[in-house]
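*Asks:* One structure, as structure tokens, below. Some questions next.
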Amino acid sequence: MYDPSREYTTSVLIVGVTGAIGRAVARDLIVNGYRVYGLIRDAESRDRLPYGVVGVVGDVRAPQTWETAIERTQVVVNCSFPRDLSTGALTYEDAEREADDLAAILDRLCDLVRRRKRRLVHTFGALLYEPDANGWVRETSAIASGRGYGVRHRRTYPVFEKHRKKGLRAMSVNPAFVYGRGGWFEHGLVEPLTRGQAVLIGDGHQTMHYVAASDAASGYRLAIEHGLDGEDYLLGDDRPSTLGEFTRLVARELGVPEPRSVPEEELVGQLGPWNVDAYTFCPKVDSTKARERLGWTPRYPTIEEGVPAAIREYKRAQLQAAAG
């Protein structure tokens, strides 16, 4: 636990600190005695910073404008995604163009972190890898062929590897679908469910794998503390589930009706073919490496334990906001 009487052990800059993963990572690091800086778009975004995080104003696309923040930290954790991407219905061609944009952003960040001789912990995700015949991915699996979010990783991972070969001290942490405050869970599922506007894509039998945001966050911290540069680590809870199991569990915990099921083909026109694919595809994640080499153990081993905690946190935040 955090001891205010001792000095900070490590300074960390989180790029994407107001997102679902970044917020959870910041909270975990602060509690464990790290000094944490967070990149924000503008001064107004300071109000959304997790407690204890020092805001740094800058554009993720132009890391040279916040180079001094990199210089005064030892580790840069990148879990950002530019807000101007992934708006509206997306085709596979749109997704390919976005992947190229993300690769260019990562290239600039890696170059600057490498030249400043700092350490980078980058986020890809479980879809970095191609599932085997039984649907599982491991760090030894082949890089994704491009299905769903894998299209981004197929373009960005070679950029990451290129800089590691040039001397960049870096590792990647790759969680399954992360649920918790903010991000897709809150804005794309919880809030639509409370308004009666959510739908279940298809019959809900699609295999998915999840991990609670707080558990993912501890994985990042343990990677900083025990991970090896040049390595990649997968994070997932103990049991894969399905899209339907997860969505219906969230609805029950919220106390709202389950969403109606809509055939995938009916949603293609509204969401775009790539979005439908991306929202309904996730491999089963084997996180043995992170458990054995980092000492990572999820506090919430299944969604049945993690989702109720996430919904309680969401409800507390709503009550606090209503109270002013």
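FYI, it's all coordinate maths here, none of it is from the lab. Since the structure is predicted, the reported quantities are computational estimates derived from the model, not experimental observations. Glycine also receives a Cβ, built like all others from the backbone with ideal geometry; neighbour counts cover every protein chain displayed.
*Asks:* Pop out the Kirkwood hydrodynamic radius of segment 189-274 from its pairwise C-alpha distances, inverse of mean 1/r, in Å to one decimal.
*Replies:* 15.2 Å
*Asks:* With viscosity set to 0.692 mPa s at 37 °C, what whole-number translational diffusion coefficient in µm²/s follows for segment 165-230 from Stokes-Einstein and a Kirkwood radius over Cα pairs?
*Replies:* 226 µm²/s
*Asks:* OK, next. Can you list residues from other chains, or at least 5 along the same chain, whose modelled amide H is less than 5 Å from the amide H of A170?
*Replies:* HN-HN under 5 Å from A170: L120, G230.
*Asks:* Taking amide H positions as placed 1.01 Å from N in the peptide plane, with prolines and chain starts having none, which residues 5 or more places from V57, or on another chain, fall under 5 Å of its amide H?
*Replies:* I40
*Asks:* Still on this structure: In whole Hz, what ³J(HN,Hα) sequence does segment 303-319 give by Karplus (6.51, -1.76, 1.60; θ = phi - 60°), x for Gly and Pro?
*Replies:* 5, 5, 9, x, 5, x, 5, 5, 5, 4, 5, 4, 5, 4, 5, 5, 5
*Asks:* Using label points projected 7 Å from each Cα along Cα→Cβ, tell me how many nm separate R115 and E130, to one decimal.
*Replies:* Distance between the two pseudo-spin positions: 3.6 nm.
*Asks:* With point charges of +1 on the Cβ of Lys and Arg and -1 on the Cβ of Asp and Glu, referenced to the Cα centre of the chain, which listed residue (G182, L109, A317) lies farthest in the positive direction of the dipole?
*Replies:* The one lying farthest along the dipole's positive direction is L109.
*Asks:* Based on a Kirkwood Rh over C-alpha pairs, give the Stokes-Einstein translational diffusion coefficient of segment 103-206 at 25 °C and viscosity 0.890 mPa s in µm²/s.
*Replies:* 155 µm²/s
*Asks:* Moving to a separate point now. Hey, if you drop one equal point scatterer on each alpha-carbon of segment 47-116 and run the Debye formula without solvent, what base-10 log of I(q)/I(0) do you get at q = 0.12, 0.23, 0.26 Å⁻¹?
*Replies:* -0.41, -1.10, -1.25
*Asks:* A further question on this structure: What is the log10 of I(q)/I(0) for segment 11-319, computed with the Debye formula using one identical point scatterer on each Cα and no solvent, at q = 0.07, 0.10, 0.11 Å⁻¹?
*Replies:* Taking Cα atoms of segment 11-319 as identical point scatterers yields -0.25, -0.53, -0.65.
*Asks:* Sorted by average packing, counted as other Cβ atoms within 10 angstrom per residue and highest first, what order do 21-32, 264-275 take?
*Replies:* Result, highest mean first: 21-32, 264-275.
*Asks:* With contacts defined as alpha carbon pairs under 8 Å and 6 or more residues apart, what's the relative contact order of segment 201-288 in percent?
*Replies:* That works out to 51 percent.
*Asks:* Can you work out the base-10 log of I(q)/I(0) for segment 224-278 at q = 0.12, 0.31 1/Å, using the Debye formula on its C-alpha atoms alone?
*Replies:* Reported log10 I(q)/I(0), two decimals: -0.55, -1.14.
*Asks:* Mind putting a number on the dipole of the chain about its Cα centre? Charges go on the C-beta only, +1 for Lys and Arg and -1 for Asp and Glu, and I need it in Debye to the nearest 20.
*Replies:* Dipole about the Cα centre, nearest 20: 1240 debye.
*Asks:* Right, something else. Please list, ordered by chain and number, the residues whose modelled amide H lies under 5 Å from the amide H of Y37; skip anything fewer than 5 residues away on the same chain.
*Replies:* When sequence neighbours closer than 5 places are left aside, the close amide H contacts are V12, L13, I14, V54.
*Asks:* While we're on this one: Hey, what do the phi angles of segment 33-43 turn into as Karplus ³J(HN,Hα) couplings, whole Hz, using 6.51/-1.76/1.60 and θ = phi - 60°, x for Gly and Pro?
*Replies:* My calculation for segment 33-43 gives x, 7, 8, 10, 10, x, 6, 10, 6, 7, 4 Hz in order.
*Asks:* Can you give me the pair-distance distribution of segment 6-139, C-alpha pairs, 10 Å bins, whole percents?
*Replies:* Values per bin, smallest distances first: 11, 38, 33, 14, 3, 0.
*Asks:* Right, next: Arrange the following residues from fewest to most other Cβ atoms within 10 Å of their Cβ: Y92, Y220, Y157.
*Replies:* If I rank by nearby Cβ atoms, fewest first, I get Y92, Y157, Y220.
*Asks:* Looking at V76, M208, T91, which one has the Cα that reaches farthest to the positive end of the dipole of the chain (charges on Cβ: Lys, Arg +1; Asp, Glu -1)?
*Replies:* V76
*Asks:* Next up: Over the chain, what is the relative contact order in whole percent, taking alpha-carbon pairs under 8 Å and six or more residues apart?
*Replies:* Reported relative contact order: 18 percent.
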